[in-house]
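See structure below.
The values are calculated or read from the model by the stated rules, or taken from the named source; none is laboratory data. Being a predicted model, the structure only gives us computed values, none of them experimental. A quick note on method: Cβ atoms are made from the backbone with ideal geometry, for glycine too, and the neighbour counts reach across all protein chains shown. Surface accessibility is based on the protein's heavy atoms, side chains included, excluding ligands, DNA and RNA. Shrake-Rupley method; radii C 1.70, N 1.55, O 1.52, S 1.80 Å.
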Amino acid sequence: MEEIGLLVETIVLSVEKIATGRRGLATIGDTEAGLASFMSGLLSAQVVFKEVHDNVANDIGAVVLVEHAYLTEERRYCSDAEKGVVASMTAGIVALKDALLALEIAQDAAAYRNAEATYSHLPEYRYKGMPKDVFHVACLAASTRLNNTLRTPGINDIERQIYDQRSKNTAAQGAYLVIQQSVLAHDEV
């Protein structure tokens, strides 16, 4: 858990550097320092997102916690005028908290089998045959949010790489699916 704390701390500092850099880029005389801060923040965040992606099979929760930290910090730097962005980030933060709870329950086989009984077996409430619970909903929403951002024209190439890496971190959904399948190993209706 100590390692996750360090990853989250790195994300917090990364987002702070990104925000400071954006302000500097928009201020005459601070452009060079702003660019350096912006790039430093992006690159350190990219390292963290890649690290948790590379270890997703062993620690799904780290992916969720790092994404939660990034969204939380990004939201702190939003202006009051960015109501839609703040609402989207807030919804993402809540969904990621819910995903962590679902992950905890899914790791308790008896508890998850009981919870699974409350999910419809209709296809629209399933993800690859498993319950489309809040973990899946959070991953699908994160993927949509990131893909929408990637469609924004004029994004810096390094920033685009971060969004691409964060998109890859939806691999947590596949790892979570494996947990569900092992806990609920039975024939589907």
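For region 66-77, give me each residue that is under 17 Å from Leu146 (Cβ atoms) and surrounded by fewer than 21 Cβ atoms within 10 Å (Cβ to Cβ). Spell out the reasoning first.
Filtering region 66-77 for residues under 17 Å from Leu146 (Cβ atoms) gives 66-75.
Residues satisfying the conditions are Thr72, Glu73, Glu74, Arg75.
Listed residues Asn169, Asn114; which is out of contact with any Lys or Arg (no Cβ under 6 Å at 6 or more places or on another chain) and open to solvent by 30 Å² or more (accessible area, probe 1.4 Å)? Steps first, please.
On the way: Asn169 fails: open to solvent by 30 Å² or more (accessible area, probe 1.4 Å).
Just one listed residue meets the conditions, Asn114.
One residue is enough: does region 86-107 have a residue meeting the conditions under 13 Å from Phe135 (Cα atoms) and in contact with a Leu (Cβ under 6 Å, 6 or more places away or on another chain)?
First pass over region 86-107, keeping only residues under 13 Å from Phe135 (Cα atoms): 92-107.
From what is left, the residues that are in contact with a Leu (Cβ under 6 Å, 6 or more places away or on another chain) are 92-93.
Yes: one or more hits.
Check whether at least one residue in region 142-152 is closer than 14 Å to Gly92 by Cβ and of a type in the set (D, E, K, R), and report yes or no.
The initial filter retains those residues of region 142-152 that are closer than 14 Å to Gly92 by Cβ, namely 142-149.
Okay, now just the ones that are also of a type in the set (D, E, K, R), so 145.
Yes, region 142-152 contains at least one residue that is closer than 14 Å to Gly92 by Cβ and of a type in the set (D, E, K, R).
Can you pull out every residue in region 97-111 that is within 16 Å of Gln181 (Cβ to Cβ) and open to solvent by 40 Å² or more (accessible area, probe 1.4 Å)?
Ile105, Gln107, Asp108
Which of the residues that make up region 9-43 are within 15 Å of Glu74 (Cα to Cα) and open to solvent by less than 40 Å² (accessible area, probe 1.4 Å)?
Within region 9-43, the first condition is being within 15 Å of Glu74 (Cα to Cα), and the residues that meet it are 9-23, 38, 41-42.
Across region 9-43, the qualifying residues are Ile11, Ser14, Val15, Ile18, Ala19, Gly21, Phe38, Gly41, Leu42.
Return the residues of region 142-189 that are within 12 Å of the chain's Cα centre (by Cα) and more than 19 Å from Val52 (Cα to Cα); say none if nothing qualifies.
Step one: of region 142-189, the residues within 12 Å of the chain's Cα centre (by Cα) are 142-146, 162-173.
Selection gives Thr144, Arg145.
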